[in-house]
Structures are given as structure tokens and as C-alpha cells.
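Right, one structure below, let's go through it.
The values are calculated or read from the model by the stated rules, or taken from the named source; none is laboratory data. Nothing here was measured: the structure is a model prediction, and the numbers come from that model. Every residue, glycine as well, gets a Cβ built from its backbone with ideal geometry; the counts of neighbours run over all protein chains shown.
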């Protein structure tokens, strides 16, 4: 059974905690993975990495953000079957209800530019 790791600041790392818990498929009660508890230091690193990533994202132009969103949507669409299976195992949902994930990502990528532009140009506190 796979033991999950934390992804912090672009790197996978083994959590430092002693306690181990299982990820359980609620439909079958089968343990599908396990994970180790993290530490306060790992949380601090994750928060710092998220802040740095947000600042880097905010520094990109709207056009560049849209390119990233389209690439993200394309990647989700290319792996839709695999992602649907994983989500079904984790959430216990039927596979038939999972097929729209890629379509939602593509829709978000296509419609987000207007919202991003408005947020970028609106006066502080206006949104």
C-alpha cells in the first residue's frame, strides 16, 4: 500500500510524524493508502511556500495566467479517466459522476481571464 508524502514548495517530502492513518474508500471500506502525521514545521514551510507561490502568480500577466490555466485544463483532460478513478476510490463516488472534471477545468480556464482582469484592475476593497 502506498504511503503518501507532503508536497511542499515543489518537492515531495516524507512527513516527520510518528502517527500513521489510512485513506479509506467509504464505499468499500478498503484502505487505499496511508499517510503519516505532519509537523508544525512542515505546516510553516507549506504556508511560506504557498505565500511565495501566490506572489509569483500575482506577478504574472493575465495572459500568462490564462496560458497556465489552459495547460492545467489540458492536463486534467488528458488524465480524466485516471483522476476519476482516484477520486472515486477516495470519495466513494460512482465513476459516472466524475467525467465533467476536465470540462469544468477547461470552462474555468476559458472564462477566468475576465474575472482575473477585473480583480487586477479594481480599486482595493472594491471586490
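For the list (1) at pLDDT 85 or above; (2) closer than 15 Å to residue 4 by Cβ; (3) part of a helix (DSSP H, G or I), I need the number of the one condition that residue 86 fails.
For residue 86, the failing item is (1).
In segment 2-16, which residues are assigned to a strand (DSSP E or B) and more than 20 Å from residue 90 (Cβ to Cβ)?
Listed by number, the residues that qualify are 8, 11, 13.
Table: residues versus (1) exposed (fewer than 10 other Cβ atoms within 10 Å of the Cβ); (2) part of a helix (DSSP H, G or I); (3) modelled with pLDDT of 90 or more; (4) not assigned by TED's automatic domain parsing to the domain that holds residue 92.
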{"position": "18", "(1), (2), (3), (4)": "yes, no, no, yes"}
{"position": "34", "(1), (2), (3), (4)": "no, no, yes, yes"}
{"position": "44", "(1), (2), (3), (4)": "no, yes, yes, yes"}
{"position": "48", "(1), (2), (3), (4)": "no, yes, yes, yes"}
{"position": "51", "(1), (2), (3), (4)": "no, yes, yes, yes"}
{"position": "54", "(1), (2), (3), (4)": "no, yes, yes, yes"}
